[in-house]
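The values are calculated or read from the model by the stated rules, or taken from the named source; none is laboratory data. Quick caveat, the model's predicted, so the values are computed rather than measured. Positions of Cβ are generated from backbone atoms using ideal geometry, with glycine treated the same way; all protein chains shown enter the neighbour counts.
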Amino acid sequence: MRKIIAYILGTISLASLLLASGIKDIQGWEVIARPYFIVWFVALVVAVILYNWNSIRRVTYPARTCLSAWLYDHNIVKTKFGRSTYRVYVYYGKSYSKFYEVVQDAFDRYLAEVKEV
């Protein structure tokens, strides 16, 4: 479903760009073409995000988990999730790079399991 919406938004983005480029060479064409360029940019960004959703999550989820452990370690935010992530971080030798890799590997296994269902 997400990819279908991404394709639709990509088509809207392309159509908007084609309409903007078809404006005749007149004075003040920027004002006329601005809404088309805005629609082109917004639709393109949303389409790229939707199409690459799991690739983006593959990077951001482990980063958010490491950030949560760091915030708990520095007594900035004390939450149950932060405590859990900090305990895993300590288990892997207080190495954020190792912790990041472990969480990313777990996320990859989760995606593989979800795709099999």
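Pick out the one residue from Val77, Val90 that is among the aliphatic types (A, V, I, L, M) and outside any helix (DSSP H, G or I).
Sole residue among the options that is among the aliphatic types (A, V, I, L, M) and outside any helix (DSSP H, G or I): Val77.
With respect to Ala20, determine if the residue is more than 30 Å from Tyr100 (Cα to Cα), outside the structural domain of Ala106 (by TED's automatic domain parsing) and touching a Phe, Trp or Tyr at 6+ places or on another chain (Cβ under 7 Å).
Here the answer is yes, as Ala20 does meet what is asked.
Name the residues in the stretch 58-117 that are under 27 Å from Met1 (Cβ atoms) and small (Gly, Ala, Ser), would you?
Ala63, Ala106, Ala112
Tell me which of these Asp73 doesn't satisfy, since it passes every other one: (1) touching a helix residue (DSSP H, G or I) at 6+ places or on another chain (Cβ under 8 Å); (2) outside the structural domain of Gln104 (by TED's automatic domain parsing); (3) among the charged types (D, E, K, R).
(2)
Let me spell it out: the conditions are (1) surrounded by fewer than 16 Cβ atoms within 10 Å (Cβ to Cβ); (2) farther than 30 Å from Gly10 by Cα, and Gly82 meets all of them except one. Which number is the exception?
The failed condition is (1).
Residue check: is Thr65 at negative phi, among the β-branched types (Val, Ile, Thr) and within 20 Å of the chain's Cα centre (by Cα)?
yes
Looking at the stretch 18-53 only, could you name the residues that are more than 16 Å from the chain's Cα centre (by Cα), buried (at least 17 other Cβ atoms within 10 Å of the Cβ), at pLDDT 90 or above and not hydroxyl-bearing (Ser, Thr, Tyr)?
Residues satisfying the conditions are Val39, Trp40.
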